[in-house]
Amino acid sequence: MRPLRNRLLASMFIVIMLGLALGAVVGCRRAAEPSQANDNGDPTSRTGGPAAKNPFQHSVSLPDGTIVHSGRGSVAWKDMDLSLSTIGFEKSGDPIPKIVGNHAVVVTKDLVKLKDRPAVLVLVERTQPAAAGPAKPTYEYWLIVNGDDPQRSDMGLAYSIIGMVTGDQKKAREELLSIGPNWELPF
């Protein structure tokens, strides 16, 4: 089980790195997610006042009290490994293929409602790059809410909860939707 998981993680790393390289070429960008904490770990600015809300950071609270933060790796939970991401995209055309990256096929795309905002739930089938050799595809659920990029009017920011399915695919879908209302976005 461990060698398979290690191969999957290595494959995901390769896919992410290729996606980042392609993003730099076509003008997409992955948003930086700097920490808002001062030297004491306090969420205040260095001047002592409250920190400005970072438009790239978001988090989700799991029912067991675990908080998953964007840009801080994945957390194993129920039938998936969860991670959060903020991805910049050009507003022209359908952003979903740009958001989910290379070697990914959108299997399903459903509009869902989270609290008071619309979201898209996407099931992605991801394969390894040809150079990595044949392997079984992996499946990921992406819960995506789009926002505006505060620095560029022609760009948007896709806030995503990504669940790489490690167990039952149907259960993973429902589990991801169940934590959607606990998602803290910067807007």
Of the conditions (1) within 18 Å of LEU177 (Cα to Cα); (2) open to solvent by 50 Å² or more (accessible area, probe 1.4 Å); (3) aliphatic (A, V, I, L, M), ALA131 clears all except one; give me its number. (1)
Could we say that ALA135 is in contact with a helix residue (DSSP H, G or I) (Cβ under 8 Å, 6 or more places away or on another chain) and either over 16 Å from ALA172 (Cβ atoms) or in a loop (DSSP other than H, G, I, E, B) (or both) here? yes
Please enumerate the residues belonging to the range 161-187 that are out of contact with any His (no Cβ under 9 Å at 6 or more places or on another chain) and surrounded by 19 or more Cβ atoms within 10 Å (Cβ to Cβ). ILE162, GLY163, MET164, VAL165, ALA172, ARG173, GLU175, LEU176, ILE179
Within the range 116-132, can you find the residues that are without any contact (Cβ under 8 Å) to a residue 24 or more places away in the chain and not in a strand (DSSP E or B)? ASP116, ALA130, ALA131
Tell me yes or no: at least one residue of the range 140-156 is modelled with pLDDT of 95 or more, among the β-branched types (Val, Ile, Thr), over 24 Å from ASN54 (Cα atoms) and within 16 Å of the chain's Cα centre (by Cα). no
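The values are calculated or read from the model by the stated rules, or taken from the named source; none is laboratory data. Since we're looking at a predicted model, the values are computed, not measured. Note: ideal-geometry Cβ built from the backbone for every residue, glycine included; neighbour counts use all protein chains shown. These area figures cover heavy atoms from the full protein model, side chains too; ligands, DNA and RNA do not enter into them. Shrake-Rupley method; radii C 1.70, N 1.55, O 1.52, S 1.80 Å.
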